[in-house]
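Please read the structure below before turning to the comments.
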Amino acid sequence: MSVLVLGSSGQLASHLKELLPEADYWGRARFDLQNPAGLDEAIVAAAPSVIVNAAAYTAVDKAESEPDSAWRLNVEAPAAAARAAARLDVPLLHVSTDYVFDGTKAGEYAVADACNPLSVYGRTKLGGELAVRSLAPKHWILRTSWVFSEHGANFVKTILRLAATREELRVVMDQVGRPTYAGDLAALVARMAGGRRPPYGTYHAVGGAAVSWHALAERVVDAAARSQRLARAPRIVAIPTAEYPTAARRPANSVLMPSAELMSSLDVRFDWPSAVERVVGIVTKLR
Ligand SMILES: NC(=O)c1ccc[n+]([C@@H]2O[C@H](COP(=O)([O-])OP(=O)(O)OC[C@H]3O[C@@H](n4cnc5c(N)ncnc54)[C@H](OP(=O)(O)O)[C@@H]3O)[C@@H](O)[C@H]2O)c1
């Protein structure tokens, strides 16, 4: 089993390295996906037995002013990986996002619900899904949401950094989703890449309770305060999205319905509250 992972130092790729140390990791120094021409040839030459796409243009707001870059990384690169997977007759595991939905649904989003992205990032990620579906007969698309980790840049680490110096943090309370620990996602990906093969198709790789960004921030600060890592916990003030303007529009309801049968058949459990405690412990200890 030889696993080729696109991505090397991102959140998901960093955790995959711990679980699949023998896999081949292609970061941007190995292959710059801003220029994906030739990616399919390079992958075919490497001849892996499974391809994992952990690389993406993930800067949601910046994508609004760099749509071409986001398109190359989120559509053209997965399309090239999908062509290579088809030529090699091997599976491609591709990661997508809750931001393919517009957030207007009253309940949780099922896999088959209609997509209607609100942002350049969401539109390019949807384009990546469509390319993978149409070009790679053997594919898994794992949609996930609100990814955090001790590695890389994410909301949990931003809140910890701001909490150390501010008396008050104003955090959006009217966007709701399921946070995902990149280590939990990596455990699922590692099992699938390692040979546990669920049926090909699209899944929602999330778990645990849905929360607002405000509630997640409260949890982070509470965990830091309990572990006595904060001299003084800031007030976490709930604000509406209208008071926190951003370049990209985000769905108000980002809640993906977990693909429970996938999780149970692969014996994986997503537990973001425990992971928040762990990440807070690791990040604050490193300071
Ligand atoms: N972050 C979230 O909240 C979130 C939410 C929903 C879905 N997702 C999806 O989950 C997946 C993993 O996201 P993540 O949070 O692990 O992303 P991340 O931490 O932002 O890492 C991005 C990865 O993309 C690679 N990359 C970026 N530009 C590149 C370029 N020009 N050439 C080659 N590689 C490039 C990076 O390569 P290097 O290793 O060289 O740095 C890195 O490994 C993505 O598909 C993302 O869309 C993320």
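The values are calculated or read from the model by the stated rules, or taken from the named source; none is laboratory data. Remember, it's a predicted structure, so these values are computed and weren't measured experimentally. Virtual Cβ from ideal backbone geometry, glycine too; neighbours counted across all protein chains shown. Note: accessible area is taken over every heavy atom of the protein model, side chains too, but ligands, DNA and RNA are not part of it. Shrake-Rupley method; radii C 1.70, N 1.55, O 1.52, S 1.80 Å.
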(request) Check whether at least one residue in region 73-87 is free of Cβ contacts under 8 Å to residues at least 12 places away in the same chain and either more than 8 Å from the ligand (Cβ to nearest atom) or open to solvent by less than 20 Å² (accessible area, probe 1.4 Å) (or both), and report yes or no. (result) no
(request) Give the residues of region 94-150 that are over 25 Å from T241 (Cβ atoms), open to solvent by 20 Å² or more (accessible area, probe 1.4 Å) and assigned to a loop (DSSP other than H, G, I, E, B), sorted by residue number. (result) V111, A112, P137, K138, E150
(request) Search region 153-163 for residues being near the ligand (Cβ under 8 Å from one of its atoms) and at pLDDT 95 or above, and hand back the single one that is most open to solvent (accessible area, probe 1.4 Å). (result) F155
(request) Please work out if L12 is outside any loop (DSSP other than H, G, I, E, B), within 20 Å of the chain's Cα centre (by Cα) and under 30 Å from L118 (Cα atoms). (result) yes
(request) Could you tell me whether any residue of region 109-123 is touching a residue at least 60 places away in the same chain (Cβ under 8 Å) and touching a Pro at 6+ places or on another chain (Cβ under 7 Å)? (result) yes
(message) Of everything in region 5-14, what is touching a helix residue (DSSP H, G or I) at 6+ places or on another chain (Cβ under 6 Å) and surrounded by fewer than 24 Cβ atoms within 10 Å (Cβ to Cβ)? Give them in sequence order.
(response) G7
(message) So for region 180-189 (the condition being open to solvent by less than 50 Å² (accessible area, probe 1.4 Å), more than 20 Å from the chain's Cα centre (by Cα) and not small (G, A, S)), does at least one residue qualify?
(response) no
(message) Quick check on region 63-72: of everything there that is under 16 Å from R28 (Cβ atoms) and in a helix (DSSP H, G or I), which residue is farthest from the ligand (Cβ to nearest atom)?
(response) A70
(message) Within region 222-250, take every residue that is in contact with an Asp or Glu (Cβ under 6 Å, 6 or more places away or on another chain) and over 14 Å from V171 (Cα atoms) and give me the one that is modelled with the lowest pLDDT.
(response) A223
(message) Suppose we filter V50, V60 for residues that are within 11 Å of the ligand (Cβ to nearest atom) and either under 18 Å from the mean Cα position of the chain (by Cα) or modelled with pLDDT of 95 or more (or both); which single one remains?
(response) V60
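When region 170-189 is examined, which residues are found to be part of a helix (DSSP H, G or I) and of a type in the set (G, A, S)?
A182, G183, A186, A187
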(request) Search region 171-187 for residues that are of a type in the set (K, R) and pair each with any residue that is open to solvent by 10 Å² or more (accessible area, probe 1.4 Å) and assigned to a strand (DSSP E or B) when their beta-carbon atoms are under 8 Å apart and the residues are at least 6 apart or on different chains. (result) R178/V211
(message) I want to confirm something. Restricting to region 24-40 and keeping residues that are open to solvent by less than 40 Å² (accessible area, probe 1.4 Å) and more than 17 Å from G128 (Cα to Cα), which single residue is nearest to the ligand (Cβ to nearest atom)?
(response) G27
(request) Please go through region 190-222 and pick out each residue that is buried (at least 22 other Cβ atoms within 10 Å of the Cβ) and part of a strand (DSSP E or B). (result) Y203, H204
(message) Within region 236-247, does at least one residue satisfy the condition of being in a helix (DSSP H, G or I), in contact with a strand residue (DSSP E or B) (Cβ under 6 Å, 6 or more places away or on another chain) and not basic (K, R)?
(response) yes
(request) Would you mention how many residues in region 164-179 are open to solvent by 30 Å² or more (accessible area, probe 1.4 Å) and among the basic types (K, R)? (result) 2
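Can you confirm whether E129 is more than 16 Å from the chain's Cα centre (by Cα), modelled with pLDDT of 95 or more and within 20 Å of P36 (Cα to Cα)?
Working: more than 16 Å from the chain's Cα centre (by Cα): no; modelled with pLDDT of 95 or more: yes; within 20 Å of P36 (Cα to Cα): yes.
Here the answer is no, as E129 does not meet what is asked.
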